[in-house]
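Structure, as structure tokens:
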Amino acid sequence: DLQDFAVVTSHDLKEPLRVIGSFSGLLSRRYAGKLDQDADDFIKFITDAATRASDLVDALYTYYKVLGAPRELRAVQAGTVLQKALFNLKPAVEEKKARVEAGPLPELLGDEAQLIQLFQNLLANSLKFNDSAAPEIRISASESGGFWRLSFADNGIGVPEDQRERI
């Protein structure tokens, strides 16, 4: 029941958040610099908050979709998954002038859609939390004990030591 509620609610929240973001953007374009500095700041706060809320709703929707009905695991080429995730992120990669390098990637047993979402989230975080003029992202794979370990590394800000266990 909670999963159904989360999916429906996240879907229903998207439209009002889109409207808030659109109108705050319109206010910003139309009235920036014409009111006092406080008004400009308030409009920016509204725009930023609508964007953050929309991102959280998207994450909630994605999370509960992933928890949905069991999926049949199949052989999936990790290199193909990476290419599909990069295609989805192409505008962000180009805007940030990011360089993405990957070594040979294995065939995995999994759900392709979920793996694309996972790769996409990891890559998006590498871009989002990177102040470099040209972010560098490296993906590699190593096998140990019959399991594959995929590593995503970047030149971004990193994860604070006190947050690593939680993440």
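The values are calculated or read from the model by the stated rules, or taken from the named source; none is laboratory data. Bear in mind that the values here come from a model prediction, so they are computed numbers and not experimental data. Glycine gets a Cβ as well: all are built from the backbone with ideal geometry, and neighbour counts include every protein chain shown. The area values use the complete protein model at the heavy-atom level, side chains included, leaving out ligands, DNA and RNA. Shrake-Rupley method; radii C 1.70, N 1.55, O 1.52, S 1.80 Å.
Below are the figures for this structure:
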| quantity | calculated |
| --- | --- |
| FRET efficiency estimate (nearest 0.05) - Cβ-Cβ, residue 142 to residue 75, R0 25 angstrom | 0.85 |
| Cα centre as origin, Lys/Arg/Asp/Glu Cβ charges: the chain dipole, Debye | 460 debye |
| Crossing angle, helix 78-88 versus the chain [Cα axis fit, 0-90 degrees, rounded to tens] | 10 degrees |
| Reference-scaled alpha-carbon Rg (2.2 N^0.38 Å with N residues) for segment 68-167 | 1.13 |
| 15 Å Cα-Cα reach of residue 96 towards aspartates and glutamates, excluding residues that sit fewer than 8 places from it in its own chain | 131, 136, 154 |
| Solvent-accessible area per residue, Å², over the chain with all protein chains present [probe radius 1.4 Å] | 71 Å² |
| Size-normalised alpha-carbon gyration radius of the chain, reference 2.2 N^0.38 Å | 1.26 |
| Length released on extending from residue 94 to residue 157, taking residue separation times 0.36 nm less the Cα-Cα span | 20.7 nm |
| Value at 222 nm in deg cm²/dmol, rounded to 500, when DSSP H runs of n ≥ 4 in the chain each add -39,500 (n - 2.57) | -19500 deg cm²/dmol |
| Accessible-area composition of segment 44-162, carbon plus sulfur, in percent [1.4 Å probe] | 56 percent |
| 3J(HN,Hα) from dihedral phi, segment 29-40, Karplus parametrisation 6.51/-1.76/1.60, rounded to Hz, x for glycine, proline | 5, 7, 10, 4, x, 8, 10, 7, 4, 4, 4, 4 |
| Counted charge near residue 73, where neighbours are those whose Cβ lies closer than 15 Å (Asp, Glu -1; Lys, Arg +1) | -2 |
| Reach of residue 44 by Cα under 16 Å, taken over lysines that are not fewer than 8 positions away in the same chain | 34 |
